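Heads up, the thing below is written out as structure tokens.
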Amino acid sequence: MSQTETVSQYNDKFNEALQWMWGDGYLAPGGPEEVAEMLRDLPIKDADVVDVGSGLGVIAVLLAEKYGAGSVMGIDVEAHLIDQSTARAEAAGLEDRVRFKLVEPGPLPLDDESLDVVFSKDAIVHMPDKVAFYREALRVLRPGGLMVGSDWLRGDETTLTSRAQSWLDFVHLDFRMSDLESTRSAISNVGFEKVSLRDRNEWYQTEINKEISTLEGENFSKLEQLIGKDEAGYRLESSRLKKCAIDDGFLRPTHFFGYKPGASEV
Ligand SMILES: C[S@@+](CC[C@H](N)C(=O)[O-])C[C@H]1O[C@@H](n2cnc3c(N)ncnc32)[C@H](O)[C@@H]1O
């Protein structure tokens with residue numbers, strides 16, 4: 001599909017609802033605390049970083065501002081997100097170090113061995129070919145470079161309960177979910193070493209309750225005023241169904257890590 005044909009999944013109204021639950025600029029759960037958890041013990045100071053699926057750009061700005069990345073290139077497939085991200089970097093006075101680029105799904109428009117860190121939060125779930133993505137990540141990393149990401153993975157067949165299936169049927173995002181073992185072997189098989197995964201299902205079992213509380217009662221009325229009854233209703237129902245998928249062990253947000261073989265690590 002060419003860029004002009006790409007259908008927007010993350011339109012402004014939808015994004016308002018996601019930020020209502022997850023905080024200004026965040027299109028996925030956990031906010032800056034979850035980014036901190038991903039980067040725990042992983043210094044990225046002065047590193048050249050790409051943020052794949054950069055959404056509204058808040059994390060790319062955070063990587064430069066809080067974690068001291070030398071440069072961050074945020075890439076995304078939706079033009080309006082790139083525009084809003086660029087404005088965010090400018091507002092933070094970081095336009096020299098944080099840039100955004102509209103890309104087409106597929107190969108990364110980045111040179112071989114040009115980066116120290118490939119970062120991605122909750123975007124790979126949309127990609128049909130994960131192996132191709134991991135191969136591209138390996139290609140663009142310098143020897144010793146780090147891939148660190150979070151992806152919405154799934155449990156085995158026994159966790160796909162009828163209520164987990166109801167969540168999948170209800171959600172209108174295009175999810176292509178992989179499981180933990182396939183993810184681990186895909187990352188290793190393309191050539192990463194020291195591969196590890198961190199399952200965040202237990203964390204999200206708690207977090208989803210906070211998420212739902214931002215959508216109920218008085219909060220629902222406020223959200224309704226902001227984005228309208230239908231969108232607010234969709235959001236609440238989606239989170240309630242998602243809670244079942246999490247509690248049944250089907251939805252497993254997972255952090256993953258791997259290093260490109262080579263001399264020195266980031
Ligand atoms: C759930 S949002 C997460 C955004 C951001 N990482 C965050 O945590 O707020 C997923 C993002 O991935 C983007 N995306 C989807 N497919 C992509 C692809 N093939 N390459 C790059 N970005 C993609 C979407 O447009 C969206 O901005």
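The values are calculated or read from the model by the stated rules, or taken from the named source; none is laboratory data. Treat the numbers as computed from the prediction; the structure is a model and nothing was measured. Methodologically, a virtual Cβ is constructed for each residue, glycine included, from the backbone with ideal geometry; neighbour enumeration extends over all protein chains shown.
Tell me yes or no: at least one residue of region 157-164 is closer than 20 Å to residue 22 by Cβ and either surrounded by 14 or more Cβ atoms within 10 Å (Cβ to Cβ) or in contact with a helix residue (DSSP H, G or I) (Cβ under 6 Å, 6 or more places away or on another chain) (or both). No, region 157-164 contains no residue that is closer than 20 Å to residue 22 by Cβ and either surrounded by 14 or more Cβ atoms within 10 Å (Cβ to Cβ) or in contact with a helix residue (DSSP H, G or I) (Cβ under 6 Å, 6 or more places away or on another chain) (or both).
State whether the residues of region 245-253 include one that is under 19 Å from the mean Cα position of the chain (by Cα) and within 30 Å of residue 144 (Cα to Cα). Yes, the conditions are met somewhere in region 245-253. Only one entry in 174, 112 is within 18 Å of residue 71 (Cα to Cα) and not in a strand (DSSP E or B), namely 112.
Would you please name the residue that is nearest to the ligand (Cβ to nearest atom), looking only at residues in region 15-25 that are touching a Phe, Trp or Tyr at 6+ places or on another chain (Cβ under 9 Å) and of a type in the set (A, V, I, L, M, F, W, C)?
Let us first name the residues in region 15-25 that are touching a Phe, Trp or Tyr at 6+ places or on another chain (Cβ under 9 Å), namely 17-19.
From what is left, the residues that are of a type in the set (A, V, I, L, M, F, W, C) are 17-18.
Numbers: 17: 12, 18: 8 Å.
Looking at residues that are touching a Phe, Trp or Tyr at 6+ places or on another chain (Cβ under 9 Å) and of a type in the set (A, V, I, L, M, F, W, C), I get 18.
Filtering region 228-262 to residues that are among the aliphatic types (A, V, I, L, M) and closer than 17 Å to residue 167 by Cβ leaves 236, 241, 245, 246, 251. Counting just the residues of region 26-84 that are β-branched (Val, Ile, Thr) and part of a loop (DSSP other than H, G, I, E, B), which one comes out nearest to the ligand (Cβ to nearest atom)? That would be 77. Can you report the number of residues in region 96-148 which are on the phi > 0 side of the Ramachandran plot and near the ligand (Cβ under 10 Å from one of its atoms)? Matching residues across region 96-148 total 2.
Can you find a residue in region 227-235 that is farther than 15 Å from residue 21 by Cβ and part of a helix (DSSP H, G or I)? Can you show your working first?
Filtering region 227-235 for residues farther than 15 Å from residue 21 by Cβ gives 228-230.
Next cut, part of a helix (DSSP H, G or I) only: 229-230.
So far as region 227-235 goes, yes, one or more of its residues are farther than 15 Å from residue 21 by Cβ and part of a helix (DSSP H, G or I).
Residues in region 38-48: is at least one touching a residue at least 24 places away in the same chain (Cβ under 8 Å), under 16 Å from residue 124 (Cβ atoms) and surrounded by fewer than 24 Cβ atoms within 10 Å (Cβ to Cβ)? Yes, the conditions are met somewhere in region 38-48. For residue 11, indicate whether it is modelled with pLDDT of 95 or more and out of contact with any strand residue (DSSP E or B) (no Cβ under 7 Å at 6 or more places or on another chain). Here the answer is no, as residue 11 does not meet what is asked.
Against the condition surrounded by fewer than 24 Cβ atoms within 10 Å (Cβ to Cβ), in contact with a strand residue (DSSP E or B) (Cβ under 8 Å, 6 or more places away or on another chain), over 20 Å from residue 174 (Cα atoms) and touching a residue at least 12 places away in the same chain (Cβ under 8 Å), how does residue 148 come out, does it pass? Step through it out loud before you land on a result.
Working: surrounded by fewer than 24 Cβ atoms within 10 Å (Cβ to Cβ): yes; in contact with a strand residue (DSSP E or B) (Cβ under 8 Å, 6 or more places away or on another chain): yes; over 20 Å from residue 174 (Cα atoms): yes; touching a residue at least 12 places away in the same chain (Cβ under 8 Å): yes.
When the stated conditions are applied, residue 148 passes them.
Consider region 97-132. How many of its residues are basic (Lys, Arg) and either under 16 Å from the mean Cα position of the chain (by Cα) or under 15 Å from residue 145 (Cα atoms) (or both)? Residues that pass the stated criteria total 2. Going through region 206-220 one residue at a time, which ones are surrounded by fewer than 12 Cβ atoms within 10 Å (Cβ to Cβ) and over 14 Å from residue 29 (Cβ atoms)? 217, 218 - these are the residues of region 206-220 that are surrounded by fewer than 12 Cβ atoms within 10 Å (Cβ to Cβ) and over 14 Å from residue 29 (Cβ atoms).
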